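The values are calculated or read from the model by the stated rules, or taken from the named source; none is laboratory data. Predicted, not measured: the structure shown is a model, and the values here were computed from it. Cβ atoms come from the backbone with ideal geometry, glycine included; neighbour counts cover every protein chain shown.
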Amino acid sequence: MSSIITSQQTEYLKLVSASSIAFDESWDINETAQASLFARFISSTALERELLGLLPLKGQACGQYVAYAVTEYIDKDHFPLDKIVSVSTNAAKSMTGVSFVSF
């Protein structure tokens, strides 16, 4: 059933003119690192947000592993890259590294 929903989401995202993705790392109750991946887009009636998946991370919850999991998802499910206009994260230290300087 989840593969049907994923395929419907991907097909719908191919029809919109633009979308953005947002992801964040998290830990479940068993201390398994995961990345939550969302797509945001404008439908014919409203601004929509869809949870695309909770992606298991191979290793720690750091930017490198999150990027790998998201890239793997995009490649596997043929997510339309040409429609992505922005990517957002929460800018946590695990995503940006210790030496990141912000505004």
Does residue 41 satisfy the condition of being more than 11 Å from the chain's Cα centre (by Cα), modelled with pLDDT under 80, at negative phi and outside any helix (DSSP H, G or I)? no
Return the residues of the range 23-48 that are of a type in the set (D, E, K, R) and surrounded by 11 or more Cβ atoms within 10 Å (Cβ to Cβ); say none if nothing qualifies. 24, 25, 40, 48
